[in-house]
Amino acid sequence: MDSKTKKLLKRNLSSLGFHTAAVIIGFLMLYPVLWMISNSFKTTQEIFGQNSFSLIPGELLTENYTRGWRYNGTTTFTTFFKNSFIYTGFATLGAVLSSSLIAFGFARIRFAGRNFWYTCMFLTLMIPFQVVMVPQFIIFYKLGWVNTFLPLIVPMFGGVPFFIFLMVQFIRQIPVDLDNSAKIDGCNKFMIYSRIIFPLIKPALITATIFSFYWRWDDFIGPLLFLNKPKLFTVSLALRMFADPQTSTDWPAIFAMGTLSLIPVIVIFLIFQKYIVQGLVTTGLK
Amino acid sequence: MTSLTKDSPGKDLGKSLSERKALFRENLAGYAFIAPWLIGFFAFSIIPILTSLYYSFTSYDILGSPVLNGVDNFKNMVQDKLFWKSLAVTFNYAFISVPLRLLFAFFVALMFNRDVKGIRLYQMVYYIPSIVGGSIAVAVMWRRLFMADGAVNSVINLLFGLDVSTSWIGKPETALWTLILLATWQFGSSMLIFLAGLKQIPHFYYEAADIDGANRFRKFVSITFPHLTPVIFFNLIMQIIAGFTVFTQAFVVSGGSGDPLNSTLVYALYLYQRAFKYYEMGYSSAMAWVLVLIVGLFTAIVFKSSSSWVYYESKEGN
């Protein structure tokens, strides 16, 4: 063998090694999720015991889904999904629209105290939620907002620091000349925001929408604190009640509903990967 | 990162009336735009923070009114075995899971930092656990996975011909490790952040190193690692803070109890129990402030020590 073939062989071997390792680890990474999906079609006996690890159900039992969807008979997952979409939808709308307004103010208007407030915004990131949890609960309790979606949605209209930061970064890349020429054409600040800046920061808006959707959809402690009636439960809360260790647990049905709860999350991921990665990289948010 | 461009609109001495008017209108417009945040900041951050500080020196069960009791809450905390237990559990959790997750993220990012066909697909597959990891569905599934008759034991028994029937969730020695594993499994988002950092390292550094005859290890130590330290630093702080306040996963995996033998009783879970199971709002507020001190102290230590190990390309860079 001459040195050239040797080199080629070596490169091919290392490439083979790389792909083998990447595929094996990748399979391990995905295994728990695949296991959950497969369990949603299994019988209870199949989920337990010696062949528990198997990813192939004996037969595709779709009645796990119908049984799971019925939940306890009185309230069904129709309600829970509706609640989750209401909460996620309005909270996201509030978070994204407000954040874009606020970001415009910080990025484009030179007002007194601008840096001070911007720093304050970053400092709030350092305050653990546990500090505001009790007083917020008491405030909302006294307002009579417990067992409504208001405590979950209204605070989002104050904007989300991560999104504001992301949008400020974005707006600063847009030439100020655009604002100035619009001003000459008779646009006021709000028109500059709504007609010029807002359409131009679409990628940041999409990124913020996706992350807001994820966080609200998965939110657990909020609904746990403020929603105590089954007819107000979100999907997350219902799943947790479903899997309550105090009662006998219908695992196949839980896995069926768990799988359904992940569908919006996965679909959004597949469509908007690019924006997700960009959001991660710009702000370090998870 | 936290400061916008330098400008001081306040210096308006000797300006004409029309200029002052314009300045006033500019300020007004600025505050109008940030008003939603400002209102939210006071209503949902500042006021609750101050109230919480006040509650932490009171005894308060929500039904009555808060009664000042000095530093009793903090004194009781010192005596409270569960407080110390939850603190220990949380420290174990945060200081094991965060470095583990970042370590995995870092090495997988290095492995995936190459131009091969299908690399994007690998990256996306490795990121999926981070996407679904925060959901209750996954937390519930995780519990099932590590139960006595769950998939983990069935795989162990199949591979090694054993007959293991340990409930990994039911044993105090292992229960927290299932949570640590759940957190580590979600290294994908940090991996993508590191990959982006790796891509930004200018090529000429490596070319210069090649000319100097540096080997791969040398290049890693002198070029790759120093360039990534700011990113690692930022992620370390943010994730440790998040680790100190972990709640949902511990709540779901332990069924809200922190069992077995309080081995998964993380700080935020214990605080939640004191507040919403026993309605001790004063005590739980005091606990929240201890958490603030811990997070603050930790952040300060990392910041202080950062200058000795964090490498910044240029001071003006953003």
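The values are calculated or read from the model by the stated rules, or taken from the named source; none is laboratory data. Remember, predicted model here, so these are calculated numbers, not experimental data. Reconstructed Cβ throughout: ideal geometry from the backbone, glycine too, with neighbour counts over all protein chains shown.
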So, first residue farther than 11 Å from A:Gly159 by Cβ in the stretch B:24-39, second residue surrounded by fewer than 20 Cβ atoms within 10 Å (Cβ to Cβ), Cβ within less than 6 Å, six or more apart or across chains; the pairs are B:Asn27/A:Ala112
Considering the stretch A:88-109, residues that are within 14 Å of another protein chain (Cβ to nearest Cβ) and not hydrophobic (A, V, I, L, M, F, W, C), and then whichever is surrounded by the most Cβ atoms within 10 Å (Cβ to Cβ), we arrive at A:Ser99
All-but-one check, A:Thr75 against (1) touching a Pro at 6+ places or on another chain (Cβ under 9 Å); (2) within 14 Å of chain B (Cβ to nearest Cβ), failing number (2)
Condition set within 19 Å of A:Ile271 (Cβ to Cβ) and out of contact with any Asp or Glu (no Cβ under 8 Å at 6 or more places or on another chain), scope the stretch B:130-153, selection surrounded by the most Cβ atoms within 10 Å (Cβ to Cβ): answer is B:Ile131
Given the conditions (1) touching a Leu at 6+ places or on another chain (Cβ under 8 Å); (2) polar (S, T, N, Q); (3) over 16 Å from B:Glu26 (Cβ atoms), every one holds for A:Asn115 apart from (3)
For the stretch B:175-225, the count of residues that are away from chain A (no Cβ under 12 Å), of a type in the set (S, T, N, Q) and surrounded by fewer than 16 Cβ atoms within 10 Å (Cβ to Cβ) equals 2
Item checked: A:Ala238 being away from chain B (no Cβ under 12 Å), part of a helix (DSSP H, G or I) and surrounded by 21 or more Cβ atoms within 10 Å (Cβ to Cβ) -> no
All conditions in (1) within 9 Å of chain B (Cβ to nearest Cβ); (2) without any contact (Cβ under 8 Å) to a residue 60 or more places away in the chain; (3) over 30 Å from B:Tyr283 (Cα atoms); (4) polar (S, T, N, Q) are true of A:Ser181 except (1)
Checking B:Val78, B:Val108, B:Val138, B:Val89 in turn, the sole residue that is aliphatic (A, V, I, L, M), part of a helix (DSSP H, G or I) and closer than 19 Å to B:Ser263 by Cα turns out to be B:Val89
The one condition A:Tyr141 fails out of (1) within 20 Å of B:Ile49 (Cα to Cα); (2) at pLDDT 95 or above; (3) out of contact with any Gly (no Cβ under 8 Å at 6 or more places or on another chain) is (2)
Of A:Trp35, A:Trp69, the only residue that is under 25 Å from the mean Cα position of the chain (by Cα), among the aromatic types (Phe, Trp, Tyr) and surrounded by fewer than 17 Cβ atoms within 10 Å (Cβ to Cβ) is A:Trp69
> Any residue in the stretch A:194-211 that is buried (at least 21 other Cβ atoms within 10 Å of the Cβ), more than 25 Å from B:Gly258 (Cα to Cα) and over 23 Å from the mean Cα position of the chain (by Cα)?
Replying inline: yes
- prompt: Can we say B:Ser65 is surrounded by fewer than 16 Cβ atoms within 10 Å (Cβ to Cβ) and either outside any helix (DSSP H, G or I) or in contact (Cβ under 8 Å) with a residue 12 or more places away in the chain (or both)?
  reply: yes
When every residue in the stretch A:142-162 that is more than 7 Å from chain B (Cβ to nearest Cβ) and free of Cβ contacts under 8 Å to residues at least 40 places away in the same chain is compared, the one farthest from A:Leu97 (Cα to Cα) is A:Lys142
**Prompt:** In the stretch A:130-137, is there at least one residue being exposed (fewer than 15 other Cβ atoms within 10 Å of the Cβ) and either under 23 Å from the mean Cα position of the chain (by Cα) or at the interface with chain B (Cβ under 7 Å from one of its Cβ atoms) (or both)?
**Reply:** no
When you look at B:Ser16, is it more than 14 Å from chain A (Cβ to nearest Cβ) and loosely packed, with under 15 Cβ neighbours inside 10 Å, yes or no? yes
Every listed condition ((1) of a type in the set (A, V, I, L, M, F, W, C); (2) touching a Leu at 6+ places or on another chain (Cβ under 7 Å); (3) more than 7 Å from chain A (Cβ to nearest Cβ)) holds for B:Met147 save (2)
Those residues of the stretch B:236-285 that are within 10 Å of chain A (Cβ to nearest Cβ), in a helix (DSSP H, G or I), crowded, with 22+ Cβ neighbours inside 10 Å and among the small types (Gly, Ala, Ser) come to a total of 5
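This table checks each residue for (1) within 30 Å of B:Arg120 (Cα to Cα); (2) assigned by TED's automatic domain parsing to the domain that holds B:Val98; (3) touching a residue at least 24 places away in the same chain (Cβ under 8 Å).
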residue	(1), (2), (3)
B:Met147	no, yes, no
B:Ile156	no, yes, no
B:Ser165	no, yes, no
B:Gly170	no, yes, yes
B:Glu173	no, yes, yes
B:Leu181	yes, yes, no
B:Ser189	yes, yes, yes
B:Gly197	yes, yes, yes
B:Ile201	yes, yes, yes
Worksheet item: Has the stretch A:171-187 got any residue that is within 30 Å of A:Val265 (Cβ to Cβ), assigned to a helix (DSSP H, G or I) and either modelled with pLDDT of 95 or more or touching a helix residue (DSSP H, G or I) at 6+ places or on another chain (Cβ under 8 Å) (or both)?
Response: yes
